[in-house]
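Structure first, then comments.
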Number of protein chains: 2
Amino acid sequence: MKNSEKFMKKALKQAIKAYDLGEVPIGAVIVKDGAILASAYNKRNASNCATKHAEIIAIEKACKKVKDWRLEGAEMYVTLEPCPMCAGAIVNARIKKVYFGAYERKSGAVLSNHQLLFHGGLNHKTEAEGGVLENECSTLLKKFFESKRKSE
Amino acid sequence: MKNSEKFMKKALKQAIKAYDLGEVPIGAVIVKDGAILASAYNKRNASNCATKHAEIIAIEKACKKVKDWRLEGAEMYVTLEPCPMCAGAIVNARIKKVYFGAYERKSGAVLSNHQLLFHGGLNHKTEAEGGVLENECSTLLKKFFESKRKSE
């Protein structure tokens, strides 16, 4: 198994925690020098807070751990392509590379739409790779939305 | 004095708090039905956290106050044009309108660059107006960066 798949599996485990709580199942881990710095899952509903996506919580935990707002050299693994807020936070935290699972064709801001990680006006650029364990990541999301529709 | 200027003055007061702590002087307030829901200033350095821009802290405080991640009908007043992260958070929180002071021509993501608030792929669109008390807002930022350069 590739390293990127190994860490995406960890992000998927986080996403399943969100699923079990009835949150949109998205998980993220931040890795530096081969070790996990922070893990998180989406808590938008549970926290009643618009900013509490998996990526933001993971960045906040990692910053707290290293006592620095700069996460230089770190990588993020996230099960869904980040939205504009999260893509902006990833660049602000100077993360080196983002691996994501499923593509978010409508509002994804990494490869699908704005390509916010590589914008010329920014002081830092973050590399990106999409489609890591894409099937597992998108299947979990589909299953969640199908079960939501059934229960409505 | 226009209402927008009245609330921008409140945001400027917050920015001055950041200035006094040696943080890039940016302040924000969130207003609903004519009353201030939340006020905040940039704390990126003090908090050692990449996400702690004035706008994000203000959104988190406002969500906590109304116990909802949706800030529908709310307006934000912020002294500098929001970055991609903050513009994304503003849309995610379903804020109705953003008024900002100084333009950020390099990385501003509301009117200067990506126009993230009105992107077709999003479920919500936020209105925007730039240049409210622009001189006061940009003068404070210039003063801050000049004093930083002198002390280096």
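Compute the Rg to Rh ratio over the range B:64-152 from the alpha carbon atoms, using the Kirkwood formula for Rh, and round to two decimal places.
Radius of gyration relative to Kirkwood radius: 1.05.
Using a 1.4 Å probe and ignoring any ligands, DNA or RNA, find the accessible area of B:Ser47 and quote it in Å² to the nearest 10.
50
Take the eigenvalues of the Cα gyration tensor for chain A, scale each by 5, and report the square roots as semi-axes in whole Å, largest first.
23, 16, 15
What are the semi-axes of the equivalent ellipsoid of the range B:2-66, taken as the square roots of 5 times the eigenvalues of the Cα gyration tensor, listed largest first and rounded to whole Å?
The answer is 20, 15, 6 Å, longest axis first.
Determine, from the Cβ-Cβ distance of B:Lys13 and B:Gln115 and an R0 of 41 Å, the FRET efficiency 1/(1 + (r/R0)^6), rounded to the nearest 0.05.
With a Förster radius of 41 Å, E is 0.90.
Only Lys, Arg, Asp and Glu count, each charged at its Cβ (+1, +1, -1, -1), so figure out the dipole size of the range B:4-152 about its Cα centre, rounded to 20 debye.
360
If you roll a 1.4 Å probe over chain A with all protein chains in place, what percent of the accessible area is carbon or sulfur?
Answer for chain A is 47 percent, counting heavy atoms of protein chains only.
Subtract the Cα-Cα distance of A:His124 and A:Lys67 from 0.36 nm times their separation in residues, and report this length gain in nm to one decimal.
Here the answer is 18.6 nm.
What is the distance, in nm, between label points placed 7 Å from the Cα along the Cα-to-Cβ direction at A:Asn48 and at B:Arg149?
It is 4.7 nm.
How much of the DSSP bridge set in chain A is antiparallel, in percent, rounded to the nearest 5?
Of the beta bridges lying entirely in chain A, close to 55 percent run antiparallel.
Please report the buried accessible area for the interface of B with A, total over both chains, probe 1.4 Å, in Å² to the nearest 100.
In total, this chain pair buries about 2600 Å².
Please give the charge dipole size of the protein assembly as shown, origin at the Cα centre, charges +1 on K and R Cβ atoms and -1 on D and E Cβ atoms. Round to the nearest 20 debye.
620
Can you list the residues of the range A:58-102 whose accessible area drops by at least 40 Å² going from the chain on its own to the full set of protein chains, with a 1.4 Å probe?
Buried on complex formation: A:Glu60, A:Trp69, A:Pro84, A:Met85, A:Asn92.
Per residue, how much accessible area does the range A:15-152 show when a 1.4 Å probe rolls over the protein heavy atoms, in square angstrom?
43
Give the average, rounded to an integer, of partner chain Cβ atoms located within 10 angstrom of each Cβ in A:5-13.
The shielding value for this peptide is 0.
Would you mind giving the three semi-axes, in whole Å and largest first, of the ellipsoid equivalent to the protein assembly as shown according to its Cα gyration tensor?
Equivalent ellipsoid of the protein assembly as shown: 32, 22, 16 Å, largest first.
What FRET efficiency comes out for the pair B:Lys106/A:Asp20, r = Cβ-Cβ distance, R0 = 35 Å, nearest 0.05?
0.25
Indicate the helices, whole DSSP H runs only, in chain A that combine a mean Kyte-Doolittle hydropathy of 1.6 or more with a Cα extent along their long axis of 15 angstrom or more.
Both cut-offs are met by no helix.
Quick one: which residues, 5+ away or cross-chain, put their amide H under 5 Å from the amide H of A:Thr79? H built at 1.01 Å from N.
Residues meeting the amide H criterion: A:Gly27, A:Gly101.
If you average the sequence gap of Cα pairs under 8 Å that are 6 or more apart and divide by the length of the range B:50-152, what percent do you get for the contact order?
24
The values are calculated or read from the model by the stated rules, or taken from the named source; none is laboratory data. For clarity, every value in this text was computed on a predicted model and none was experimentally measured. With ideal geometry, Cβ positions are generated from the backbone for all residues, glycine too; neighbour counts draw on all protein chains shown. Keep in mind that these areas ignore ligands, DNA and RNA; they rest on the heavy atoms of the full protein, side chains included. Shrake-Rupley method; radii C 1.70, N 1.55, O 1.52, S 1.80 Å.
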